[in-house]
Amino acid sequence: MTVARWSWLGDRLAIDVANTVRRRGWRYVELITSPEDLRTWLEHERNRLAIPAPVDAALVSRFLPVRDHVLGVLRAAAAGEGLPAAEVRAINELAIAAPTVRLLGSRPGHQLTWPVTAADPATRLCADIAAATIDLLTGSDATAVALCDAPGCGQLYLRGRPNQQWCNPHCGTRARSQRHAERLSGQT
Ligand SMILES: [Zn+2]
């Protein structure tokens, strides 16, 4: 089930990080419950994140709080709210702990990064995730961050048009049929 589980991967990095929780029905569940889960997720992101070795319980316990900070700011952005100060401070501190400079790649849109300071791989991973979050929320896509409020989804995504309400048409269909079912059960 790994492929289906991570099927939305390939979005902006910060969004992929935030989407490591997922709704079953209306309740959020954790998708990173073991080092193996984290390794599988990291393998999908290997083109843009260096995978620390080992991927162990200690790394999971570093990753999850970072993911929660990312979730906090992206959900606030999706709600059109100001960013929560404690999460902003945490993300900035993570980025500062292992800063990188952006370098030109070989074609437009291709970016390389170069580490400014030495850092252990776990600190680098957390900093790269923080930097990706900063890039997203300070760039032109910041106002396109949205939350899909469908049952069984609850994923963050980038709106392709201003009035887009669901991350994909299936979510819209599911949300409408769920509401219809709830209205019917409310009448009985
Ligand atoms: Zn959705």
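The values are calculated or read from the model by the stated rules, or taken from the named source; none is laboratory data. Source: prediction; values computed, not measured. Positions of Cβ are generated from backbone atoms using ideal geometry, with glycine treated the same way; all protein chains shown enter the neighbour counts.
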If residue 152 meets every condition in (1) without any contact (Cβ under 8 Å) to a residue 60 or more places away in the chain; (2) within 16 Å of the ligand (Cβ to nearest atom); (3) more than 19 Å from residue 77 (Cβ to Cβ) apart from one, which number is that one?
(1)
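Each row is one residue, and each column tells you yes or no for (1) surrounded by 13 or more Cβ atoms within 10 Å (Cβ to Cβ); (2) of a type in the set (Phe, Trp, Tyr).
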residue	(1), (2)
27	no, no
32	yes, no
41	yes, yes
64	yes, no
93	yes, no
97	yes, no
Test residue 146 against the stated conditions and say whether it is more than 16 Å from the ligand (Cβ to nearest atom) and either buried (at least 17 other Cβ atoms within 10 Å of the Cβ) or modelled with pLDDT of 95 or more (or both).
no
Filter the range 155-184 for residues that are charged (D, E, K, R) and surrounded by 15 or more Cβ atoms within 10 Å (Cβ to Cβ); the one that is nearest to the ligand (Cβ to nearest atom) is 174
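Scan the range 136-159 for residues that are part of a helix (DSSP H, G or I), in contact with a helix residue (DSSP H, G or I) (Cβ under 9 Å, 6 or more places away or on another chain) and polar (S, T, N, Q) and jot them down.
143
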So for the range 18-27 (the condition being under 24 Å from residue 111 (Cα atoms) and touching a Phe, Trp or Tyr at 6+ places or on another chain (Cβ under 8 Å)), does at least one residue qualify?
yes
Single condition residue 62 does not satisfy, out of (1) without any contact (Cβ under 8 Å) to a residue 60 or more places away in the chain; (2) closer than 18 Å to residue 17 by Cα
(1)
Scan the range 57-89 residue by residue and report those that are more than 16 Å from the chain's Cα centre (by Cα) and within 14 Å of residue 123 (Cα to Cα).
58, 59, 61
How many residues does the range 160-188 hold that are under 24 Å from the mean Cα position of the chain (by Cα) and outside any helix (DSSP H, G or I)?
9
